[in-house]
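Structure, as structure tokens:
The values are calculated or read from the model by the stated rules, or taken from the named source; none is laboratory data. Bear in mind the structure is a predicted one, so any value in this text is a computation, not a measurement. Every residue, glycine among them, receives a Cβ derived from its backbone with ideal geometry; neighbour counts consider all protein chains shown.
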Amino acid sequence: MLLPLFTEYEKEHPTDRQPLPDRYLGLSDEEMDRRIATAKASLGPRLVILGHHYQRDEVIKFADHTGDSFKLARQIGAHPEAEFIVFCGVHFMAESADVLSAPHQQVILPDLAAGCSMADMADLEQLETCWQLLIASGCDPARIIPVTYINSAAAIKAFCGEHGGVVCTSSNAAAVLKWAWARGDRILFLPDQHLGRNTARKSGVPLEEMMVWDPNEPYEALDSAVVNRVRIILWKGHCSVHTRFTVQQIANVRSQHPTVRVIVHPEVPLEVVQAADDSGSTEYIIKTITDSPLGSVWAVGTEIHLVNRLARRFRPDRTVLSLDAFGCLCSTMYRVSPNHLLWILESLVDGVVHNRITVPDDRKYWTKVALDRMLSIS
């Protein structure tokens, strides 16, 4: 019941999101649904709405395509006729969409306050400092491959593109690491240390061949002996949702449901992956549960909106539970409200574009290089 209570509360306290005109506040769910549908129909093929799996139900039901970051990135080029791409997600996703879109298309984020705390854990100045220290420690810059998770700013993606690197998502992280190691001795992986560690370990890299880089530590130099023995350098960042999952939660759910299978997202800490039965991207989680035998019981360690959606979809043939009894909510994704979506769409009908997301031209080229490399890796 916590999520419905939170939804009711936030309707009355819209303080953490982009302010709206008064006429878009206090609307009933029915009126918003009707007006969103009307505006969407009026715009027709000029509009494509993309919705990330973690988006709230009141918004994602209007999406033309749903998926994780990788799946949605592949949809950008599938609608050349669309003038407007409304991305119901967070800022870094809209940036990637702008880079991959055609010149005549405009990418719009319904709420500019929808950011990502993980993406904020790595900035360009910190990355440049790290890179220079690695070179000073004796690393050949041509043999370090920077890999950034898609949950990062365009400036970080552009740096990776310019330095022979690539973007990855949780769907293709293993393939990207294989690609990178075929081109260099070691990988600098940012900003999520857990995805990097879990993926590298699953690829056969022992923990002693990994090291963590903390961008908030005042480094003067790096131990060249340590740097030269590692295969992957992990940026000390994390997802505030997925680090809430614990080994104790897995023990609790197993005690309550003896036949349960536990599947978690690879952004969780290593010990949680080790205690679970399986791990993978949101698309992998969906496919695994879809393909599971009737009567299966699943505890899922990822954002609560996706878990609840899976529970409704598979009931009564399978049981899907949240690993966290209180539900792990992506609060920044939640800032994209139906009110904001309605405001954006009705403004487009009136010929007004709000919240267009654009990546500066000096970063767009190398960001696109990094994203195109990602899309080319299977």
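A compact table of results
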{"read-out": "Search result, residues across the range 191-215 that are touching a residue at least 60 places away in the same chain (Cβ under 8 Å), farther than 22 Å from S279 by Cβ and in a loop (DSSP other than H, G, I, E, B)", "value": "P215"}
{"read-out": "Which numbered condition L188 fails, given (1) outside any strand (DSSP E or B); (2) of a type outside the set (S, T, N, Q); (3) closer than 29 Å to A97 by Cα", "value": "(1)"}
{"read-out": "Number of the exception - A311 against (1) touching a residue at least 12 places away in the same chain (Cβ under 8 Å); (2) among the hydrophobic types (A, V, I, L, M, F, W, C); (3) not assigned by TED's automatic domain parsing to the domain that holds D22", "value": "(1)"}
{"read-out": "From S296, S224, S240, residue being closer than 25 Å to F70 by Cβ and of a type outside the set (A, V, I, L, M)", "value": "S240"}
{"read-out": "D98 over 14 Å from I233 (Cβ atoms) and either in contact (Cβ under 8 Å) with a residue 12 or more places away in the chain or not charged (D, E, K, R) (or both)", "value": "yes"}
{"read-out": "Unmet criterion (only one of (1) modelled with pLDDT of 95 or more; (2) under 17 Å from Q55 (Cα atoms); (3) within 20 Å of the chain's Cα centre (by Cα)) for C330", "value": "(1)"}
{"read-out": "Tally of residues being in a helix (DSSP H, G or I) and at positive phi across the range 16-47", "value": "1"}
{"read-out": "Residues satisfying the stated conditions in the range 284-308, i.e. surrounded by fewer than 19 Cβ atoms within 10 Å (Cβ to Cβ) and charged (D, E, K, R)", "value": "K287, D291"}
{"read-out": "Flag if I108 is in contact with a helix residue (DSSP H, G or I) (Cβ under 7 Å, 6 or more places away or on another chain), closer than 24 Å to F189 by Cα and either assigned by TED's automatic domain parsing to the domain that holds H163 or in contact (Cβ under 8 Å) with a residue 60 or more places away in the chain (or both)", "value": "no"}
{"read-out": "Listing of helices (runs of 4 or more DSSP H) fully contained in the range 63-168 that carry 3 or more residues being over 30 Å from D223 (Cβ atoms)", "value": "69-75, 91-100"}
{"read-out": "Within the range 339-378, considering residues that are among the β-branched types (V, I, T) and assigned to a helix (DSSP H, G or I), the one surrounded by the fewest Cβ atoms within 10 Å (Cβ to Cβ)", "value": "V349"}
{"read-out": "Selection status of V268, in contact (Cβ under 8 Å) with a residue 40 or more places away in the chain and farther than 25 Å from F70 by Cβ", "value": "no"}
{"read-out": "Residues satisfying the stated conditions in the range 55-95, i.e. in contact (Cβ under 8 Å) with a residue 24 or more places away in the chain, over 22 Å from S347 (Cα atoms) and of a type in the set (S, T, N, Q)", "value": "S69, Q75"}
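Condition check ((1) outside the structural domain of M32 (by TED's automatic domain parsing); (2) touching an Asp or Glu at 6+ places or on another chain (Cβ under 8 Å); (3) surrounded by fewer than 24 Cβ atoms within 10 Å (Cβ to Cβ)) across all residues:
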residue: R46; (1), (2), (3): no, yes, yes
residue: I49; (1), (2), (3): no, yes, no
residue: H52; (1), (2), (3): no, yes, no
residue: I60; (1), (2), (3): no, no, yes
residue: G67; (1), (2), (3): no, yes, yes
residue: G89; (1), (2), (3): no, no, no
residue: A102; (1), (2), (3): no, no, yes
